[in-house]
2 protein chains.
Amino acid sequence: MNHSILIIDDDTDILKVLKANLELHGFGVITAESWMTGRDILAALNQDLLLLDVMLPDGDGFDICRTIRKERPLLPIIMLTAKDKISDKIIGLDGGADDYVVKPFETLELIARIKACLRRSKPTDEELTAVGDLTIDKKRRIVSIKTREIGLTPKEYELLCFLAAHRGEVAHREDIKKLLWKEHKIYSWSRVIDVHIRHLRQKIEADPSEPYFIITIPGVGYRFRE
Amino acid sequence: MNHSILIIDDDTDILKVLKANLELHGFGVITAESWMTGRDILAALNQDLLLLDVMLPDGDGFDICRTIRKERPLLPIIMLTAKDKISDKIIGLDGGADDYVVKPFETLELIARIKACLRRSKPTDEELTAVGDLTIDKKRRIVSIKTREIGLTPKEYELLCFLAAHRGEVAHREDIKKLLWKEHKIYSWSRVIDVHIRHLRQKIEADPSEPYFIITIPGVGYRFRE
DNA sequence: ATCTCAATGTCATCCTGGTGTCATTACGTA
DNA sequence: TACGTAATGACACCAGGATGACATTGAGAT
């Protein structure tokens with residue numbers, strides 16, 4: 001379980017030290033020195049946790065925290081700051097941060113807090129899948145693109161989950177068949193799978209005729225975008 | 001939303017101050033000066049959060065924390081201590097505490113952390129649930145919309161509580177079945193659940209044919225509005 | 001005991017939309 | 001070109017949920 005962490009801080013020294021230390025402890029670390037780039041990384045990659053400095057050249061940490069919360073309510077956020085005034089701490093926690101660490105801090109303590117945070121927020125892999133703009137929340141059985149919720153039928157949902165669970169790999173037609181119809185009721189083997197794939201594409205693809213998520217592998221099956 | 005907090009600390013001065021301050025902020029507070037009494041209170045009452053001192057006359061805070069975790073994995077625990085050595089902090093967090101506060105601390109910060117902890121903790125054992133205009137007061141077993149009280153039958157009430165406790169998540173038909181009829185009673189598996197859902201909807205929904213609170217997930221079950 | 005009423009469970013029916021089939025078209029490759 | 005496979009559109013059917021009516025149960029009251 002290799003967790004990935006995004007650190008946004010404008011202090012390059014701290015970035016270096018933190019990155020080295022966290023990587024030493026088995027985390028995947030990506031750094032950004034401004035909110036602008038950090039935001040892009042957040043949108044592009046599916047990080048497990050965010051270390052956010054309060055003072056950034058292009059934005060206030062508290063505002064940023066609230067902004068992120070609206071889009072990614074589940075993402076664990078730890079605020080990182082030089083200020084140690086109580087009022088700031090309160091704002092940070094009430095603004096939706098999961099924890100708050102004051103610089104200068106002991107790396108070991110930070111790591112302990114990171115682990116605690118990650119432990120609390122389980123639904124990262126098993127229960128919540130995100131590929132690009134697409135999010136599958138298994139607990140709520142909600143699929144959404146950006147923030148728009150998509151209504152899927154049982155078969156469509158199962159199919160999507162299967163594909164997404166094996167994203168990157170080819171899903172053989174036979175495997176899909178086995179998944180969707182365990183007690184095979186299908187006799188004349190028509191093209192039911194294709195039809196469900198089509199329905200899915202119509203719902204999740206921006207342009208169903210030029211699929212981005214669900215790629216056809218002729219003669220084999222389908223592959224879900226990694 | 002009146003949360004109840006149990007404080008276990010052998011320093012009576014701190015107990016007094018904390019109790020006064022927390023009560024001022026709307027919490028219900030019970031105090032204990034030893035692990036022995038604290039444990040009894042914990043078993044007897046259903047507290048929402050535990051403030052636990054590390055140094056107690058009759059036990060080590062870390063051990064206690066782990067012990068409690070085994071029995072009550074969901075109970076939010078905040079460790080309270082005069083020691084500020086990093087190693088202690090790590091042990092505390094890894095031992096299952098949700099947060100860690102070093103004495104002397106600012107009351108406001110502590111309260112912020114308490115709130116943050118409670119916000120994170122599962123709404124499973126909430127005494128009072130409110131979703132939109134709907135309020136469920138578990139202590140009094142009263143359900144009301146706006147201020148109008150709604151009379152519910154036992155089954156309807158249980159069902160509503162279950163759905164509301166897991167609001168946002170899907171309640172699988174099987175889970176509902178297990179909840180309402182612990183393992184037996186029903187033979188011909190007809191559509192009893194649907195019927196109770198309908199009754200509930202007729203009572204709590206403004207327009208039962210266009211449900212706002214109880215959403216149907218075809219093929220799976222139901223989901224309560226978040 | 002019986003009566004009454006509310007709570008609960010069963011059943012028949014309706015109806016929507018999920019699912020599967022097929023004919024046709026489009027695409028890619030030998 | 002022809003051939004095989006996938007995409008597409010149209011459509012028929014049927015499963016599962018909603019609904020209404022009714023049967024059964026059980027707790028109080030008389």
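The values are calculated or read from the model by the stated rules, or taken from the named source; none is laboratory data. Values in this document were obtained by computation on a predicted structure and should not be read as measured data. In this analysis, Cβ positions are derived from the backbone assuming ideal geometry, glycine residues included, and neighbour counts consider all displayed protein chains. Calculation scope for accessible area: heavy atoms of the full protein, side chains included, ligands and nucleic acids excluded. Shrake-Rupley method; radii C 1.70, N 1.55, O 1.52, S 1.80 Å.
Brief remarks follow.
- Accessible area buried by the pairing of B and A, both sides summed with a 1.4 Å probe, works out to roughly 2300 Å².
- Shown are A:L118, B:L24, whose ranking by accessible area with a 1.4 Å probe and every protein chain present, most to least, is B:L24, A:L118.
- Residue order for B:Y100, B:Y157, A:Y212 - accessible surface, 1.4 angstrom probe, largest first: A:Y212, B:Y157, B:Y100
- The value obtained for region B:128-224, namely the Cα convex hull volume divided by the number of residues, is 99 Å³ per residue.
- With a 1.4 Å probe rolled over the protein heavy atoms of all chains, the accessible area of A:D133, B:D13, A:D53 falls in the order B:D13, A:D133, A:D53, largest first.
- Using heavy atoms of the protein chains and a probe of 1.4 Å, the accessible area assigned to A:K155 is about 60 Å².
- Using the Karplus relation 6.51 cos²θ - 1.76 cosθ + 1.60 with θ = phi - 60°, the per-residue 3J(HN,Hα) values for region A:167-176 come to 4, x, 8, 7, 9, 5, 3, 5, 5, 4 Hz, with x marking Gly and Pro.
- For B:V29, nonlocal amide neighbours, meaning residues 5 or more places apart or on other chains whose placed amide H falls under 5 Å from its own, are B:I5.
- The mean accessible area for residues of region A:128-224, using a 1.4 Å probe and ignoring ligands and nucleic acids, is 56 Å² per residue.
- Stretched out straight at 0.36 nm per residue, the stretch from B:K16 to B:D60 would grow longer than its current Cα-Cα span by 13.6 nm.
- Placing dummy labels 7 Å off each Cα toward the beta-carbon, the span from B:E23 to B:K155 is 4.5 nm.
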